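Structure, as structure tokens:
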Amino acid sequence: MKPFALCSSRVCTPDGVRPAAVLIRGETIESIEDPKSLDPDIDRFEYGDFVISPGVIDTHVHVNEPGTNWEGFESATKAAAAGGVTTIVDMPLNGLPVTTDVAALEKKRAVARGRCWVDVGFYGGLIPGNSDDIPELIQKGVLGIKTFLCHSGLEQFPNASEDDLRLALPILGKQKIPLLVHAELVNPNWPQPSEGNTDYAAYVNSRPDEWELRAIELLIRLCKEFETPIHIVHLATQKALPMLVEARNEGLPITVETCPHYLYFASERIPDGETRCKCAPPIRSELNRSMLCGALGEGVIDTIGSDHSPCPAEIKFCELGDLNLAWGGISGLQLTLPVVWTAGLQMGWQPNDLAKWLSENPAKLIGYDSSKGKIAAGFDADIVVWNPDAVFKVDADELLHRHKISAYDGQLLQGVVHQTFVRGKPVFETGVVARQPIGNLLNPNSRDEPYDSSAADLETLEKLRFVWNLGVPKKESAAKSKISTYLNHLSHEDAWPELNRCCASPTWIQRVLDASPFEDDSMLIDTATEIWKELDRESKLEAFAAHPRIGDVESLQAKFADTSDWAAAEQAGAGSASTDTIQRLAELNHVYIEKFGYIFIVSATGKSAQEMLSILESRLPNDPETELQIASNEQLKITLLRLGKLNS
């Protein structure tokens with residue numbers, strides 16, 4: 001089978017983010033190569049400085065099938081593919097029957113078979129009285145056992161007691177299978193909000209931090225006694241962090257998950273009656289959010305799972321705003337990557353951080369760390385290609401999970417998934433999902449059940465492959481902001497300085513104005529792109545000259561005053577750079593100008609100074625014609641991103 005290569009200046013490898021070519025043969029990553037030394041006979045597909053990451057592994061998804069219309073394997077896995085998620089693990093509830101015995105597991109597998117767009121694994125469930133079913137569930141290939149320490153919301157899945165845990169933990173410990181725990185121990189005497197409550201603060205107070213703390217204290221004690229792997233799901237309170245640090249220092253096999261909504265939202269900013277944000281444990285304060293983010297960076301929290309918990313609109317009671325009646329769950333499977341990236345921008349997180357929390361550590365949790373979760377030779381070619389610079393506004397109606405309800409509806413997020421590969425096969429590309437499923441059902445005790453390749457829509461898959469050619473997706477950056485309407489209402493005299501902030505080529509500006517008015521943002525983006533591509537060298541150099549040198553932040557307020565706010569934000573990654581890095585940037589900027597006759601141009605948004613330095617070093621050996629084309633593409637990215645900021 002002929003290999004092909006995916007190339008980018010930012011590939012998340014186990015050795016760090018660096019320029020690389022990911023060589024794929026069949027379903028597997030064959031090697032990581034230097035793009036400059038790649039065999040010229042190999043098909044190579046260039047992604048510029050888009051990030052190439054290992055596919056997201058979401059180990060906390062409620063598919064709720066069979067037995068309900070809340071979600072389904074088809075809709076859930078399509079949403080996963082569109083979000084760069086290449087593997088999901090299904091929780092044992094809320095489908096019916098719940099997965100607490102082998103008969104229920106086989107029913108679930110039968111429903112999922114041939115209907116999954118990404119790879120899917122399964123958990124079993126622990127409830128009172130089913131500890132004898134656990135060994136057979138493990139033998140049949142579940143990846144973990146999930147239990148609740150409080151009422152789950154389903155009568156079919158009652159919570160376990162300490163006695164139930166003591167029966168199950170020795171079984172799980174022998175097999176090294178993790179126990180996943182919803183960690184809240186309820187105080188039945190705790191005051192609850194009055195009927196019809198719409199006060200979000202009252203809902204938060206109804207499930208206090210102490211409930212999580214009591215549960216985690218119990219789990220640490222049992223983990224110490226049985227030495228069985230325990231995974232705390234959806235940690236919501238920062239108050240538990242000190243005891244978790246202590247447990248980690250003792251070497252206990254206890255791991256921790258949090259969720260995107262706990263990293264992104266804060267209770268102070270959630271309006272009363274916003275039932276879409278109801279979940280358990282609840283979203284807590286801004287301080288709490290910040291501390292959870294910090295705990296990820298310090299390694300106290302291991303994984304991030306969506307806890308995708310959808311339901312029909314009628315039981316979210318959005319119009320009533322009744323937080324007592326509303327089902328508690330957030331639908332976020334498709335948005336995990338951009339939500340976490342957006343939350344982490346202010347924390348200085350880098351793409352490799354996300355790869356660790358969203359891919360590498362989740363693979364370890366489910367026992368697939370030798371085949372999934374890394375971009376490395378011998379691993380499944382589960383890959384997401386994404387643009388860390390692009391900004392978009394969430395429209396719940398466009399999400400692919402079944403019921404179009406989302407706490408993120410209307411939020412501006414950064415980071416757009418461009419392409420998703422599952423075991424080397426493209427399953428999603430810029431708004432298009434493959435027509436036929438290609439996902440395997442995971443079973444570590446036997447060969448993973450493969451999809452039927454004869455049933456795959458191979459023509460569609462081929463059409464999906466690699467329409468990218470180092471340009472910018474024409475409609476990706478418009479972000480539905482109606483910039484065209486804003487520009488159409490300006491006189492040419494007033495529109496000139498606005499466009500000049502985006503691209504300082506007078507020829508480009510005049511030709512864009514001559515092409516106005518624009519029917520919509522797509523037309524504006526298409527026109528701006530085509531005009532830029534048609535410009536001569538001198539016109540492009542005029543645009544290049546309007547940028548400060550990378551890392552030269554002192555000049556922003558002088559020569560580049562008109563765009564200083566944008567340029568400073570775009571180069572924010574240089575603000576925390578070491579003196580050595582800034583000095584090296586300055587030296588190589590000078591070398592670059594001497595060689596090519598213009599400053600080094602790169603779309604800097606979301607990049608650290610070290611990443612920009614690596615890109616600069618990789619581009620210095622280019623011949624003048626190649627480098628001008630690359631610089632031109634970078635300027636186009638900057639232009640389109642800045643067009644999206646007009647009137648904002």
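The values are calculated or read from the model by the stated rules, or taken from the named source; none is laboratory data. Keep in mind it's a predicted model, so treat the numbers as computed, not measured. All Cβ positions, glycine included, derive from the backbone under ideal geometry; neighbour counts span all protein chains shown.
A few remarks follow.
- Put simply, of 72, 67, 83, 26 the only residue that is surrounded by fewer than 16 Cβ atoms within 10 Å (Cβ to Cβ) and over 30 Å from residue 621 (Cβ atoms) is 26.
- Sole exception among (1) surrounded by 22 or more Cβ atoms within 10 Å (Cβ to Cβ); (2) modelled with pLDDT of 95 or more for residue 94, by number: (2)
- Of all the residues in region 275-292, those that are surrounded by 19 or more Cβ atoms within 10 Å (Cβ to Cβ) and over 22 Å from the mean Cα position of the chain (by Cα) number 1.
- Unmet requirement for residue 512, which otherwise passes all of (1) at pLDDT below 80; (2) within 21 Å of residue 633 (Cβ to Cβ): (1)
- Residue in region 300-309 that is closer than 29 Å to residue 323 by Cβ and surrounded by fewer than 22 Cβ atoms within 10 Å (Cβ to Cβ) present: no
- Residue in region 338-356 that is without any contact (Cβ under 8 Å) to a residue 40 or more places away in the chain and surrounded by fewer than 24 Cβ atoms within 10 Å (Cβ to Cβ) present: yes
- Of the residues making up region 416-451, those that are in a strand (DSSP E or B), of a type in the set (Val, Ile, Thr) and out of contact with any Ser or Thr (no Cβ under 7 Å at 6 or more places or on another chain) are 416, 417, 432, 433.
- Residue match in region 235-254 (condition: in contact (Cβ under 8 Å) with a residue 60 or more places away in the chain and part of a strand (DSSP E or B)): no
- Helices (runs of 4 or more DSSP H) wholly inside region 134-217 that include at least 2 residues being surrounded by fewer than 22 Cβ atoms within 10 Å (Cβ to Cβ) and among the acidic types (Asp, Glu): 162-175
- The helices (runs of 4 or more DSSP H) found entirely in region 287-403 that carry 1 or more residues being of a type in the set (Phe, Trp, Tyr) and in contact with a Leu (Cβ under 7 Å, 6 or more places away or on another chain) are 336-345.
- Residue match in region 248-259 (condition: modelled with pLDDT of 95 or more, crowded, with 19+ Cβ neighbours inside 10 Å, touching a Leu at 6+ places or on another chain (Cβ under 7 Å) and over 22 Å from residue 178 (Cα atoms)): no
- The single condition among (1) over 19 Å from residue 366 (Cβ atoms); (2) modelled with pLDDT of 95 or more that residue 179 does not meet is (1).
- Residues in region 509-551 that are in contact (Cβ under 8 Å) with a residue 60 or more places away in the chain and hydrophobic (A, V, I, L, M, F, W, C) were compared, and the one that is farthest from residue 581 (Cα to Cα) is 524.
- Filter pass, residue 48 being under 20 Å from the mean Cα position of the chain (by Cα) and either surrounded by fewer than 24 Cβ atoms within 10 Å (Cβ to Cβ) or free of Cβ contacts under 8 Å to residues at least 12 places away in the same chain (or both): yes
- Residue that is farthest from residue 641 (Cα to Cα), among those in region 482-497 that are among the aliphatic types (A, V, I, L, M) and in a helix (DSSP H, G or I): 495
- Scanning region 88-110 for residues that are over 27 Å from the mean Cα position of the chain (by Cα) and either part of a helix (DSSP H, G or I) or closer than 18 Å to residue 132 by Cα (or both) yields 97, 98, 99, 100, 101, 102, 103, 104, 105, 106, 107, 110.
- Taking the numbered list (1) of a type in the set (Lys, Arg); (2) part of a helix (DSSP H, G or I); (3) at pLDDT below 90 in turn, residue 645 passes all entries but (2).
- A Cβ distance below 8 Å, combined with a sequence gap of six or more or placement on separate chains, defines the contacts here; from region 617-639, residues that are more than 15 Å from residue 508 (Cα to Cα) reach residues that are surrounded by 19 or more Cβ atoms within 10 Å (Cβ to Cβ) and polar (S, T, N, Q) in the pairs 618/9; 634/603.
- Pick from region 498-542, criterion within 21 Å of residue 602 (Cβ to Cβ) and outside any helix (DSSP H, G or I), ranking: nearest to the chain's Cα centre (by Cα): 503
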